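Read the structure below first, then the notes.
The values are calculated or read from the model by the stated rules, or taken from the named source; none is laboratory data. Just so it is clear, the structure is predicted and the values come from calculations on it, not from any experiment. Every residue, glycine among them, receives a Cβ derived from its backbone with ideal geometry; neighbour counts consider all protein chains shown.
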């Protein structure tokens with residue numbers, strides 16, 4: 001009986017001597033990569049980046065703003081949280097951010113191994129994630145009109161008098177066109193060309209590229225200058241396009257913010273954007289031309305433009321292009 005009474009005490013003491021079971025702290029959830037983007041469609045990028053999160057476990061938060069505002073926020077460090085990635089819809093925005101010291105060098109052999117030199121910053125601060133060609137379009141039933149334009153300079157020739165239409169000069173497509181002419185010819189010859197182009201207009205500039213494409217479709221305008229993104233979005237076989245050579249282009253570009261809180265994850269996201277899966281998805285969804293040479297653009301690989309300009313030039317001459325358009329009365 002004495003042993004039976006003693007046994008519970010012994011068991012209790014033994015239980016007290018046992019080490020407590022280890023408890024593992026839950027794995028910390030990765031900090032989200034914060035992307036500042038100038039996309040108007042606020043559903044597209046979160047949908048695209050969901051695939052990145054599934055593959056890596058890294059969440060992505062997208063902050064949408066107009067390009068001028070979002071670039072200004074990155075330059076002046078006004079956004080909270082700060083941008084890990086800046087993604088702009090035009091070369092001027094990313095060029096300005098790099099010029100103002102708001103980006104850090106990408107330092108990625110993966111990126112430089114994928115993106116051709118003409119589609120990235122020579123100093124390594126940004127990469128194009130896709131590019132948008134500056135096209136000449138015509139009614140599909142009059143393909144010869146497109147074929148008659150061998151270069152952008154041709155549009156200033158008297159033979160195209162009252163046959164050309166354009167959108168307002170404030171749109172990126174036209175500022176890139178003018179900046180390209182400045183880069184290739186110098187300011188004064190470029191102004192002569194732009195004045196010749198304006199003199200050939202059949203109608204005042206259209207407010208939107210869509211309205212311009214509708215005029216081409218209706219036969220109101222035999223020829224017009226539009227971006228390949230607008231042409232893709234219009235999506236009708238009634239209009240044909242050609243890309244004059246040497247071809248001008250704008251870029252959707254990405255860089256890592258100087259004050260990024262997750263710079264390594266930011267670089268990983270940009271590298272993912274340049275991969276075949278994301279490049280194909282972008283082209284299928286928006287018509288954005290792939291910068292990865294291994295990715296098909298539709299049924300064929302898109303060739304590099306002959307005598308290719310570096311994309312930086314279209315940002316460098318942006319301000320001069322705006323002033324030239326005003327002097328030439330292209331409003």
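General remarks:
- From the list 213, 223, 193, the one residue that fits, being more than 15 Å from residue 135 (Cα to Cα) and in contact (Cβ under 8 Å) with a residue 40 or more places away in the chain, is 193.
- Evaluating residue 61 against the criteria (1) touching a residue at least 60 places away in the same chain (Cβ under 8 Å); (2) touching a strand residue (DSSP E or B) at 6+ places or on another chain (Cβ under 6 Å); (3) surrounded by fewer than 19 Cβ atoms within 10 Å (Cβ to Cβ) leaves one unmet condition, (1).
- Scope region 171-203; condition surrounded by fewer than 16 Cβ atoms within 10 Å (Cβ to Cβ) and touching a strand residue (DSSP E or B) at 6+ places or on another chain (Cβ under 9 Å); matching residues: 203
- Flag for residue 130 being within 23 Å of the chain's Cα centre (by Cα) and free of Cβ contacts under 8 Å to residues at least 40 places away in the same chain: no
- Within region 106-117, the residues that satisfy the criterion of being part of a helix (DSSP H, G or I), surrounded by fewer than 19 Cβ atoms within 10 Å (Cβ to Cβ) and touching a residue at least 40 places away in the same chain (Cβ under 8 Å) are 110, 117.
- All of 147, 154 fail the test of being surrounded by fewer than 23 Cβ atoms within 10 Å (Cβ to Cβ), outside the structural domain of residue 263 (by TED's automatic domain parsing) and modelled with pLDDT under 95, apart from 147.
- Number of the exception - residue 134 against (1) assigned to a strand (DSSP E or B); (2) farther than 30 Å from residue 221 by Cα: (2)
- The residue list 101, 93 contains one member that is within 25 Å of residue 321 (Cα to Cα) and either in a loop (DSSP other than H, G, I, E, B) or assigned by TED's automatic domain parsing to the domain that holds residue 180 (or both), which is 101.
- For region 159-170, the set of residues classified as buried (at least 21 other Cβ atoms within 10 Å of the Cβ) and either out of contact with any strand residue (DSSP E or B) (no Cβ under 6 Å at 6 or more places or on another chain) or modelled with pLDDT under 95 (or both) consists of 160, 169, listed by residue number.
- Scanning region 224-238 for residues that are more than 17 Å from residue 91 (Cβ to Cβ), surrounded by fewer than 23 Cβ atoms within 10 Å (Cβ to Cβ) and in contact with a helix residue (DSSP H, G or I) (Cβ under 8 Å, 6 or more places away or on another chain) gives 231, 232, 233, 234, 236, 237, 238.
- For region 96-127, a tally of residues being over 21 Å from residue 268 (Cα atoms) and under 17 Å from the mean Cα position of the chain (by Cα) returns 2.
- When 241, 265 are checked against the criterion of being in contact with a strand residue (DSSP E or B) (Cβ under 7 Å, 6 or more places away or on another chain) and in the same structural domain as residue 163 (by TED's automatic domain parsing), 241 stands alone in meeting it.
- Test: residue in region 69-86 that is surrounded by fewer than 16 Cβ atoms within 10 Å (Cβ to Cβ) and closer than 25 Å to residue 178 by Cβ: yes
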